[in-house]
Each structure stands twice: as structure tokens, then as C-alpha cells.
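Presented below is the structure to which this report refers.
Just so it is clear, none of the values below were taken in a lab; they were calculated from the coordinates. Computed from a predicted model, the values in this text were never measured in an experiment. Cβ sites come from the backbone with ideal geometry, for glycine too, and all protein chains shown count toward neighbours.
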Amino acid sequence: MGMENTTENIDPSINDPCKKAKQIKQGIKSLEKELKALQENCNHPEYKIMNCPSENTTFALRKVCVKCDKEIGYPSQQETDDWVKA
């Protein structure tokens, strides 16, 4: 799977907003599928602590893979303390 520029796949001659929206949604779905495959094949060799959007709160600290940008877990109390101090 190569990196595709989805905006290049959107037909600029389409003037119908409904058709263009459908084409954009298909592009997003395709990119999400590609991202999921990339993240599933990553061995997450290194992570960083980041403040990420959360369903229950505005933001929450998470471990995020440096290589594929996937949230891979929660930081320990020590990692949280170190992040706050930084």
C-alpha cells in the first residue's frame, strides 16, 4: 500500500456537493483502512507520552507510538509525573 494523496483522487469537475461529499468520505475511509493496516503491522518500538482527545474528558494522557502514531496504552504514574515535570 503506497501513500496516496486522496485530494488528487477527488474529481474537480464534480459540482454536485452530495457527490463530492460521497467521494471525500470514500477517500477518508480508504485512508483510515490504510492507517489501520500500517498500525497493525508496526511493532511500536518506541513511544512518547501525549495528551490525546478522549471520549470521557477533553484530553487524557496516553502512550503513543513514535513510528505509527497509534495510542498503545496508558502511562504509569512515574511516566505521568515525568511528563508533568517536563
Within the set of other residues whose C-beta is less than 10 Å from the C-beta of residue 14, count the net charge using Lys and Arg as +1 and Asp and Glu as -1.
-> +1
So what is the 222 nm mean residue ellipticity for the chain from helices alone, if each DSSP H run of at least 4 adds -39500 (n - 2.57) and you divide by all residues, rounding to the nearest 500 deg cm²/dmol?
-> -13000 deg cm²/dmol
Roughly how compact is the stretch 17-60, stated as its Cα Rg over 2.2 N^0.38 Å to two decimals?
-> 1.67
For the pairs 19/70; 33/70; 33/67; 20/67; 22/70, note any where the Cα-Cα span goes beyond 24 Å.
-> 19/70; 20/67; 22/70
Compute the normalised compactness of the chain: alpha-carbon radius of gyration over 2.2 N^0.38 Å, N being the residue count.
-> 1.49
Relative contact order, percent, the chain [alpha-carbon distance under 8 Å, six or more residues apart] | 18
When we measure straight from the Cα of residue 85, which lysines land under 17 angstrom away, once same-chain ones fewer than 8 places off are left out?
-> 48, 63
